[in-house]
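This report concerns only the one structure given below.
The numbers here are math on the coordinates, done by the rules we state, and not lab data. All figures in this text were calculated on a predicted structure; none of them were measured in a lab. Note: ideal-geometry Cβ built from the backbone for every residue, glycine included; neighbour counts use all protein chains shown.
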Amino acid sequence: NHSSSIHKKLMGIPHILVLPFPAQGHVNPLMHLSKRLVQHGFKITFLNTDFNHKRVVSATNEHVNLEGPRMRLISIPDGLGPEDDRNDLASLCVAMLRTMPSLVERVIEDINGLDDDASEKISGIIADVNMSWALEIADKLGIKGAVLCPSAAAISAMQESIPKLIQDGILDSNGLPVKNRKFQILPGMPIMDTADIPWCIGDSTSMKIIFDYVVRLVQWSHLTDWRLCNTTSDLEPEALSLCPKILPIGPLMESDDNLRSLGQFWEEDLSCLSWLDQQPPCSVIYIAFGSFTVFDPLQFKELALGLELTNKSFLWVVREDIDTKGNTKTAYPDEFQGTRGKIVKWAPQQKVLRHPATACFISHCGWNSTVEGLSNGVPFLCWPYFADQVFDKSYICDVWKVGLGFDLDEKGLISRWEIKKKVDQLLGDDNIRGRSQKLKGMIVNNTLEGGQSYENFNKFVEWLKE
Ligand code: UDP
């Protein structure tokens, strides 16, 4: 019968536990990696936190099977209470570290103790590099352990350089950034301001907690020789030369196999794809700020009016929780008509960026959005907020030169006129478009046979199967 034939097929299939950090921009690349491993004959148990698992289930509802023979989504608590603020990174990290390691260990022991069919047993863990404590569990249980870095390799390179950053007076001995200093990890990489160090988030107490967590992550990540990164060698030659142990396997993109992607926290509004189909090639501005940036209401209004002023078609992602004032319905200004625009709560972003109608991307420069835009040759208008976004913006504008930034006005806002000016400037710049296309070609070549990402991924698969 059917189930015994599935069971037979599973014989000899290596089974991997995948553990993302609990954020959309981390779940996505680990899910893409998981799906590729399924295509290479693996069975995956994908372990979210309960909180995010619920979001994935409700965003997915009946569209995708969460429990396939080769891919199973399960969850454990993150250690925070139901009302706690999960955007408070320091509390989240402390709670996770207190709660999750023993639960992850138990999950593996439970699965591995289930029956005596050796083929079902978990033989390896792939953890987000921000959860690299899981490598200790892999060591303890005698199974394989690997990490994936879902941000730029430069961020890992920067974290590896923490002792030098302290020595050079960029960080103080508590790991806090020394004010008003500029630094560069290696020539050819972005020049950074100490205010923009990616993990220096929140007040000084939070920063210290996160710093201590990062220092431990670096130590844990050295427990494995398999440190993968969602990047390519052409994008980050310097960072990868500084950390030769990091293996680029990017870009990690959604496979074309199913219409809806698995692992999204919000339901994708697919109606924007048929809307895009009706637009001329290279005519639409796509605007999206990732999964947790929020807008000041004044700035939100300027953006709305700026889009209007461009006189161009636009596709704008406005999450329900995008307003800093906590309004579920963000107020559009009265003058805003939006007749040339389509507004959705969550877009199938990779499909949008791949669409021939998309002309440019107004982005917060999260690393996934960056890689997704680059891989499709879409030029950027950069609107970073925090974490690694400022660094990514600098890669885009100063190093790869495939985008422009915005200037603030005297009120500290990006004005509607600035938005119109930069959209016109970007779309009129053939050099930027040319460079975007060239970079796209280089990135795509990495994923073809003989390309570095392709070869690294295959080596990784061989090792996992050994
Ligand atoms: N994304 C999406 N639909 C949207 C907005 C974003 O599918 O409307 C996806 C996007 O493709 C990316 C992820 O959400 O994979 C956001 O990750 P990123 O690193 O860009 O930003 P973060 O959310 O971590 O700030």
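Details
- Computed 3J(HN,Hα) for the stretch 286-302, one whole-Hz value per residue from the Karplus formula 6.51 cos²θ - 1.76 cosθ + 1.60 where θ = phi - 60°, is 9, 10, 7, 10, x, 9, 9, 6, 10, 10, 5, x, 5, 5, 4, 5, 4, glycine and proline marked x.
- The aspartates and glutamates within cross-link reach of Lys312, meaning a Cα-to-Cα straight distance under 17 Å and a gap of 8 or more places when in the same chain, are Asp277, Glu302, Glu335, Glu418, Asp424, Asp429.
- Between Ile343 and Trp316, the built amide H atoms are under 5 Å apart, and every one of these is 5 or more places off in sequence or on another chain.
- The alpha carbon radius of gyration of the stretch 101-164, expressed as a multiple of 2.2 N^0.38 Å, is 1.38.
- Principal-axis tilt of helix 430-446 within the chain, Cα atoms, nearest 10 degrees: 10
- Candidate aspartates and glutamates for bridging to Lys164, where Cα separation is under 14 Å - those fewer than 8 sequence places away on the same chain excluded: Asp172
- Relative contact order computed over the chain (Cα-Cα under 8 Å; 6+ residues apart), in percent: 15
- Among beta bridges that DSSP assigns inside the stretch 15-117, antiparallel share in %, nearest 5: 10
- Filter on Lys43/Lys351; Lys420/Lys440; Lys121/Lys208; Lys140/Lys179; Lys325/Lys422; Lys342/Lys411 - keep pairs with C-alpha separation over 31 Å: Lys121/Lys208; Lys140/Lys179
- Degrees separating the helix 416-427 axis from the principal Cα axis of the chain, which is the longest one: 70
- Taken over the chain, the percentage of Cα pairs per 20 Å bin, counting from 0 up to the bin with the maximum distance, is 24, 58, 18, 0.
- Cα-based helix-to-principal-axis angle, 204-221 vs the chain, degrees rounded to 10: 50
- Rounded to 5, percent antiparallel among DSSP beta bridges of the chain: 10
- Three-way shape call for the stretch 304-392 based on the alpha-carbon gyration tensor, with the a/c threshold at 1.5: oblate
- Among 33-41, 395-403, sorting by the average number of other beta carbon atoms lying within 10 angstrom of each residue, highest first, gives 395-403, 33-41.
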